[in-house]
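Structure record follows, encoded as structure tokens.
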């Protein structure tokens, strides 16, 4: 099976490929299909943004695809940055700027509980199916580690004393929010709900 992953994010694509590699599902990125357009994420929720992305790809290509929208929710900040995680410090914000803003926002706060959340929107023959993954933890007071991306240097999952960025990719991928959402999607396929999936290498 080959599916388009509706993302321009190289880190996300590599992570998804690594997680799905044992399943035999092949992933084609937007770069692989020469789709260079930016898909505007104007939704108010992760589900809405994931739907916008997968609908755009399906409309343009006619191929079944999936998209995700992910973010960090911090309890004491009323679940901010949430859907604005990638642009928390501004539209063109870097990971470093976002992390710095988050640490500033949490100065003096005792409650540092947070969760990473992913919602996947899978488009099969024009019908969208949703799958959610979540991992709980807390925000550390200093950056730690060089692996991963985004807020990984600040997030320590429950039951561990390392940030995502201090973990090996294999360990992080074994428990990540994206892994858990993908597991729900795979369970959907495993229940026989494959639809009429095309092999993109052979045409639709």
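Please go through segment 144-156 and give me each residue that is part of a strand (DSSP E or B) and either under 16 Å from the mean Cα position of the chain (by Cα) or in contact (Cβ under 8 Å) with a residue 60 or more places away in the chain (or both), ordered by number. Working first, answer last.
Keep residues of segment 144-156 that are part of a strand (DSSP E or B), which gives 155-156.
Listed by number, the list holds a single entry, 155.
Could you look through segment 67-80, keep only residues that are surrounded by 21 or more Cβ atoms within 10 Å (Cβ to Cβ) and out of contact with any helix residue (DSSP H, G or I) (no Cβ under 6 Å at 6 or more places or on another chain), and pick out the one that is nearest to residue 6 (Cα to Cα)? Before the answer, list the steps.
Step one: list which residues in segment 67-80 are surrounded by 21 or more Cβ atoms within 10 Å (Cβ to Cβ), which gives 67-72, 74.
Applying the additional criterion that residues be out of contact with any helix residue (DSSP H, G or I) (no Cβ under 6 Å at 6 or more places or on another chain) yields 70, 74.
Numbers: 70: 13, 74: 26 Å.
So the residue we want is 70.
Hey, any hits in segment 45-58 for a residue that's touching a helix residue (DSSP H, G or I) at 6+ places or on another chain (Cβ under 7 Å) and outside any helix (DSSP H, G or I)? Quick ask: steps written out before the conclusion?
Restricting attention to segment 45-58, the residues satisfying the condition of being touching a helix residue (DSSP H, G or I) at 6+ places or on another chain (Cβ under 7 Å) are 45-46, 49.
Checking which are outside any helix (DSSP H, G or I) leaves us with 45.
Yes, because at least one residue in segment 45-58 is touching a helix residue (DSSP H, G or I) at 6+ places or on another chain (Cβ under 7 Å) and outside any helix (DSSP H, G or I).
Could you check residue 4 against (1) at positive phi; (2) in a strand (DSSP E or B) and say which number it fails?
Looking at each condition in turn, residue 4 falls short on (1).
Show the residue pairs that are 6+ apart or on different chains and have beta-carbon atoms under 8 Å apart, the first residue being within segment 31-44 and farther than 18 Å from residue 14 by Cβ, the second being part of a loop (DSSP other than H, G, I, E, B).
36/30; 38/8; 39/6
Consider segment 92-116. How many of its residues are over 18 Å from the mean Cα position of the chain (by Cα) and not in a helix (DSSP H, G or I)?
9
For segment 20-32, which positions are crowded, with 17+ Cβ neighbours inside 10 Å and part of a loop (DSSP other than H, G, I, E, B)? Steps first, please.
Filtering segment 20-32 down to residues crowded, with 17+ Cβ neighbours inside 10 Å leaves 20, 25, 27-30.
Selection gives 25, 29, 30.
Would you mind finding the one in 161, 196 that is in a loop (DSSP other than H, G, I, E, B) and either surrounded by 16 or more Cβ atoms within 10 Å (Cβ to Cβ) or at pLDDT below 95 (or both)? So that I can check it myself, show each step before the final result.
Numbers: 161 fails: either surrounded by 16 or more Cβ atoms within 10 Å (Cβ to Cβ) or at pLDDT below 95 (or both).
Result of the check over 161, 196: 196.
Which numbered condition trips up residue 9, out of (1) out of contact with any helix residue (DSSP H, G or I) (no Cβ under 8 Å at 6 or more places or on another chain); (2) surrounded by fewer than 18 Cβ atoms within 10 Å (Cβ to Cβ); (3) more than 21 Å from residue 87 (Cα to Cα)?
So the condition that residue 9 fails would be (3).
Please work out which one of (1) more than 14 Å from the chain's Cα centre (by Cα); (2) surrounded by fewer than 22 Cβ atoms within 10 Å (Cβ to Cβ); (3) touching a residue at least 12 places away in the same chain (Cβ under 8 Å) is the condition residue 51 fails and give its number.
Of the numbered conditions (1) more than 14 Å from the chain's Cα centre (by Cα); (2) surrounded by fewer than 22 Cβ atoms within 10 Å (Cβ to Cβ); (3) touching a residue at least 12 places away in the same chain (Cβ under 8 Å), the odd one out for residue 51 is (1).
As an exercise: evaluate residue 137 against (1) more than 13 Å from the chain's Cα centre (by Cα); (2) surrounded by 12 or more Cβ atoms within 10 Å (Cβ to Cβ); (3) in contact (Cβ under 8 Å) with a residue 60 or more places away in the chain and give the number of the one condition it does not meet.
(3)
Going by the structure shown, is residue 147 over 19 Å from residue 27 (Cβ atoms), crowded, with 16+ Cβ neighbours inside 10 Å and at pLDDT 95 or above?
So residue 147 fails the test.
With the condition kept exactly as written, say whether any residue in segment 171-185 is touching a strand residue (DSSP E or B) at 6+ places or on another chain (Cβ under 8 Å), surrounded by fewer than 15 Cβ atoms within 10 Å (Cβ to Cβ), in a helix (DSSP H, G or I) and modelled with pLDDT under 95.
Our first condition is that a residue be touching a strand residue (DSSP E or B) at 6+ places or on another chain (Cβ under 8 Å); within segment 171-185, this holds for 175-185.
From what is left, the residues that are surrounded by fewer than 15 Cβ atoms within 10 Å (Cβ to Cβ) are 183.
Restricting the remaining residues to those that are in a helix (DSSP H, G or I) gives 183.
Subset that is modelled with pLDDT under 95: 183.
Checking segment 171-185: at least one residue is touching a strand residue (DSSP E or B) at 6+ places or on another chain (Cβ under 8 Å), surrounded by fewer than 15 Cβ atoms within 10 Å (Cβ to Cβ), in a helix (DSSP H, G or I) and modelled with pLDDT under 95.
The values are calculated or read from the model by the stated rules, or taken from the named source; none is laboratory data. Computed from a prediction, not measured in an experiment: that's the story for all the values here. Here the Cβ is made from the backbone with ideal geometry for all residues, glycine too, and neighbour counts use every protein chain on show.
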